[in-house]
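Participant: Please find one structure pasted underneath; my questions will follow.
Nothing in this text is a laboratory measurement; each read-out follows from the coordinates by a stated rule. Note that the structure is a prediction, hence the values are computed from the model and not measured. Don't worry about glycine lacking a Cβ; one is built from the backbone with ideal geometry, like all the others, and counts go over all protein chains shown.
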Amino acid sequence: MFRLAPWWRLGAALVAWAPHAVSAEPAPSLPPAPPGFDGKHPLSPDDYTRKNEGGYFTGLPLFNFDPNTGFGFGARAYYYYNGDRSDPLFAYTPYLHRVFLQAFASTRGLQFHWLDYDAPAVAGTPYRIRSQAIYARNTDQHFFGVDTMAPLSFTGAGRSFDRFAEYEDALREVRPDGTTLSRYDHYDVIRPLWLISVERTFFDGVVRPLFGFGFSYAIIEDYTGETVSAVDAAGEEVEATMAPTRLSEACAAGLIGCDGGWDNGLRLGLSFDTRDFEPDPNSGVFADVALDLSTRALGSDYDYARLLTSARAFVSPLPNIADLVLALRGTFQVQSQGTPFFSLPMLPYTEDFRTGLGGHRTLRGFQQDRFIGHVLALMNLEARWTFYRFAVLRQKFALMVVPFVDTGRVFPRVGDFTFADWRHGQGAGFRASWNLATVICVDYAFSSEDSGLYINFNHQF
């Protein structure tokens, strides 16, 4: 079934075409690394030459369509400040400051407004500051259960469904008692969120401890008993009363977090980074460990712990033949049993959090948050081939083709880990790099259950 990705993952741009590639220039000599960054890999000579000096803006319109949330529209604007080429940090940082502001709303109540700031070397020091302020509301938030890899099914179905489209059609039918299950796997959540962290580089710039805080508040609304859209026996769209949802069934069985509330905590992390250029690496590794401790001492309604470990590797196997990068990511996460269900999808990578197993940032080809659990494992492999570079009005572009494979699963406990019954998604994408630091992605993925077209900013990892 053709389906666009959720709104916060969507973006599109008009990219001007030029009939000629950028002319070759002599490779520049790169300056030595500044103090505190001696172990950091510099940009490649080509990227160093292409990198803009000073500050500049980029921005794209956002759009999406989903049968449950309607048409979505918005925009995201970036401001980058790179400094001068004479600054030794110019060759060793992706930028000195980056700010982006996003506004997004859909015709049926979906909102995601986001202000993000990142400074990799504050005032030329080894300290890095990141801050994210987000207001989110999702009337179509998915809940398919906790700690389960079971096929698609619902209470009273008497069978499972191989394809999501078939499953969704069965849910939307009006039942003999006049009720429907059309919103069985959905709930409404409002969740403002603020994250702030400080990192400090050590060992010549390749190791960064992290210290930070996160504050959020969740308002949960279930659809049980509401009047919702359904389909009658004649195939006509009608209104019907929503039968108990999967969430209401789980809450009756003792699911944690059904009342929403404050979810505040302390963030601790450690990363090891040898990538040559963060937004679009050609070589290097990035490994991080993140520990979130939600505690009542910070006003949280929950006490729990979350530990994420992740490693990424980037290799250019044929540098003299093709501009090809093999990119690999592995992720393993464990959460304590006190974690509220609405926080279980969180993947708190030290650079940028992701959500759920399923969707554009984790397991492409499955519904967003298709699998959530207390233990999660994920692997992603991409081959990023840049086949053409060009410039238009001093704007530098590069075009890429990216085949990929994703695989992962969740478990109730660490002791249940197995390599059996993992879910797989695969596909290919088209990427456009704009002034090196902004990457526009168009990916199509398919799996045993579903398929999806995703349009977004930045590489998946």
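Participant: For a test of the definition: using alpha carbon positions, the gyration tensor, and the 1.5 limit on a/c, classify the stretch 241-282 as rounded, prolate or oblate.
Facilitator: Prolate shape, in that a/c is at least 1.5 and a/b is the bigger ratio.
Participant: Let me ask something else about it. Run lengths n ≥ 4 of DSSP H only: what is the helix-derived mean residue ellipticity at 222 nm for the chain, with -39500 (n - 2.57) per run over all residues, to the nearest 500?
Facilitator: Mean residue ellipticity at 222 nm (helix-derived): -1000 deg cm²/dmol.
Participant: What list of whole percents do you get for P(r) of the stretch 176-318, with Cα-Cα distances grouped in 5 Å bins up to the one holding the largest distance?
Facilitator: Bin by bin from 0 Å, the calculated values are 2, 8, 12, 12, 11, 10, 10, 9, 8, 8, 5, 3, 1, 0.
Participant: How would you rank GLU168, GLU237, GLU173, GLU382, going from fewest to most other Cβ atoms within 10 Å of each one's own Cβ?
Facilitator: Neighbour counts put them in this order, fewest first: GLU237, GLU173, GLU168, GLU382.
Participant: Using only alpha carbons, build the gyration tensor for the stretch 341-389 and give me the equivalent ellipsoid semi-axes, biggest first, whole Å.
Facilitator: For the stretch 341-389, the semi-axes come out at 25, 13, 9 Å.
Participant: Evaluate the distance, in nm, between pseudo-label points positioned 7 Å from the Cα of LEU30 and of ARG296 along their respective Cα→Cβ axes.
Facilitator: 5.2 nm
Participant: Follow-up. Counting other beta carbons within 10 Å of each Cβ, put PHE390, PHE342 in order, fewest first. Mind dumping the intermediate values first?
Facilitator: On the way: PHE390 17, PHE342 24.
Starting with the residue having the fewest Cβ neighbours, the order is PHE390, PHE342.
Participant: Taking all pairs of different Cα atoms in the stretch 107-207, averaging 1/r and flipping that mean, what Kirkwood radius in angstroms comes out?
Facilitator: Across the stretch 107-207, the inverse of the average 1/r is 17.9 Å.
Participant: Still on this model: Given the alpha-carbon gyration tensor of the stretch 328-368, what are the semi-axes of its equivalent ellipsoid in whole angstrom, ordered largest first, with each equal to the square root of 5 times an eigenvalue? Don't jump to the answer; show the numbers that get you there.
Facilitator: Working: eigenvalues 65, 36, 17 Å².
Working from the Cα gyration tensor, I get semi-axes of 18, 13, 9 Å.
Participant: Here is a follow-up. Over all alpha-carbon pairs in the stretch 369-461, figure out the percentage whose distance exceeds 17 Å. Working shown, then result.
Facilitator: Details: 2487 of 4278 pairs.
The calculated P(r) of the stretch 369-461 puts 58 percent of pairs beyond 17 Å.
Participant: Calculate, for ASP147 and ALA233, the FRET efficiency according to 1/(1 + (r/R0)^6) with r their C-beta to C-beta distance and R0 30 Å; round to the nearest 0.05.
Facilitator: Calculated value: 0.25.
Participant: Would you mind checking the radius of gyration and Dmax of the stretch 226-301 based on alpha-carbon positions, in Å?
Facilitator: 23.0, 61
Participant: Right, here's the next one. Kirkwood Rh over Cα pairs of the chain into Stokes-Einstein at 20 °C, 1.002 mPa s: D in µm²/s?
Facilitator: 92 µm²/s
Participant: Take the Cα radius of gyration of the stretch 273-417 and divide it by 2.2 N^0.38 Å, with N its residue count; two decimals is plenty.
Facilitator: 1.24
Participant: Let me ask something additional. Can you give me the relative contact order of the chain as a percent, contacts being Cα pairs under 8 Å and 6 or more apart?
Facilitator: 14 percent
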